[in-house]
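What follows draws every value from the coordinates through simple rules; no lab data is involved. Please read these numbers as outputs of a predicted model, since none were measured by experiment. Methodologically, a virtual Cβ is constructed for each residue, glycine included, from the backbone with ideal geometry; neighbour enumeration extends over all protein chains shown.
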Amino acid sequence: MTTLTVPSPREITEPARSGNKETMVLNMGPHHPSTHGVLRLVLELDGEVVVNVAPDVGYLHTGIEKTMESKTYQKAVVLTDRTDYLAPLSNNLSYVLAVEKLLDCEIPVRVQTIRVLLTELTRIGSHLVWLGTHALDLAAMSVFLYAFREREEILDIFELVSGARMMTSYFRVGGLAYDLTDDFLPTVKHFLDHMSDHIDEYEDLLTRNPLWLERSVDVAPISAEDAIAYGLSGANLRACGVNLDMRKLIPYSGYETYDFDVPIGKNGDNYDRYLVRIAEMRQSLRIAQQAHQRLVDMGPGPYVTADRKIVPPPKHEITHSMESLIHHFKLWTEGFKVPRGDAYVGIESPRGILGTYLVSDGGPKPYRVHFRAPSFINLQALPHMARGRLVADLVALIASLDPVLGEVDR
């Protein structure tokens, strides 16, 4: 099994400075476009061959986890959007599920169905960004334009329900921020009806393209054993043949009631990571179609829990109910109190297992919040996968891992 080591920048730069190495040290980033954010890679090169590489993170550090300790549980939701900024609704979901676990809060089935529908649209939208930028890194411009064409439709759907295209903060502890608009379901149906054809277009451009195959097949493979040892998750792990998906392993939000498959690969190379994510988009489409039909069948219903100690009462009650007015005032000024204890909830985000660990001291603000960020953990395997490859292969490898630096640094 691979020795679990991730080199530091100092290990590479200090021998080079002392003249003990004949290799060249090169900085790639933190402002290089193909590092997909402010990621700095310190490369040790022998010509164009990567001898060693050290990821250097922290250039986007925002202190989100610490800042959440000063916010009430409900107000802290807005901070979760800004970690993995390509999957804000997935971040919302992981956090609110952890709070709801501590509260032992019952969530209406309609709310759970809406959450499933929107998080699967989030997965598709995130994979479209990955596909477009991955192709762009390898000089395939058309795919980028096609992928962002469909992503715009998804962002329009998010704007329809939340008023924001990216930082939605739409999932709240106990339910949703607002009820669905009248044109939500028809808009979603229009997208779902034609998205499958667009995925076919992407595959027509790339899947059997000889240039794409040359740059991805047998490039940067990793074995299932090594992938598990390095803590990989999501499509990066499933591309190695490991069938692990939190939606199947530990279902949440009613995922056990949906019919879908978990795509897996064999070789764990760039090409398999591509194939798995393409197949994931098709499966997300399948889940979203089922959730959409359920919402059509359900009709109107509650969009928050009935527990008035967690969610403010509707406005029309405040005018004639003193108890409702008091609840409204206290919830928005002090927040609700969460029983003392801790909870962990892991979900399947577009990048892998996104976990929220939450500690409560019994007050209205979290004592401690920590995220298991898949982007951060997936980067651990980068040096192992890059050694012995060309620099051009490293560019393709970074894209195939699909890191988001807002989630890495937090």
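Legend: P(r) of the range 253-410 from all alpha carbon pair distances, 10 Å bins from 0, whole percents, reading 8, 22, 25, 24, 13, 6, 1, 0.
Extension gain for V78-D156 works out to 26.2 nm (0.36 nm per residue, less the C-alpha to C-alpha distance).
Computed across the chain, the Kirkwood hydrodynamic radius from all distinct Cα-Cα pairs reaches 22.4 Å.
At a 10 Å Cβ-Cβ cut-off, how would you order S253, S142, fewest neighbours first?
Going from sparsest to densest Cβ surroundings: S142, S253.
At 0.36 nm per residue, and after removing the present C-alpha to C-alpha distance, how many nm does the segment from T181 to K337 gain when stretched out fully? Provide the component values of the computation, followed by the final result.
Values: separation 156, 0.36 × 156 = 56.16 nm, distance 3.09 nm.
Gain in length upon complete extension: 53.1 nm.
Within the shell of other residues whose beta carbon sits under 14 angstrom from the beta carbon of V53, the net charge comes to -2, with Lys and Arg scored +1 and Asp and Glu -1.
Taking N as the number of residues in the range 208-327, what is its alpha-carbon radius of gyration divided by 2.2 N^0.38 Å? The partial results should precede the final answer.
Numbers: Rg = 22.4 Å, N = 120, 2.2 N^0.38 = 13.6 Å.
Taking N as the residue count of the range 208-327, the ratio is 1.65.
Percentage of Cα-Cα pair distances in the range 121-276 greater than 28 Å, rounded to whole percent?
Percentage above 28 Å: 32.
For the residues S400, S70, S169, a GNM of the chain with alpha-carbon springs under 10 Å puts the largest fluctuation on S70. Debye calculation, C-alpha points only, no solvent: report log10 I(q)/I(0) for the range 57-212 at q = 0.19 Å⁻¹, in the same order as the q values. The Debye formula, applied to the Cα set alone, gives -1.16.
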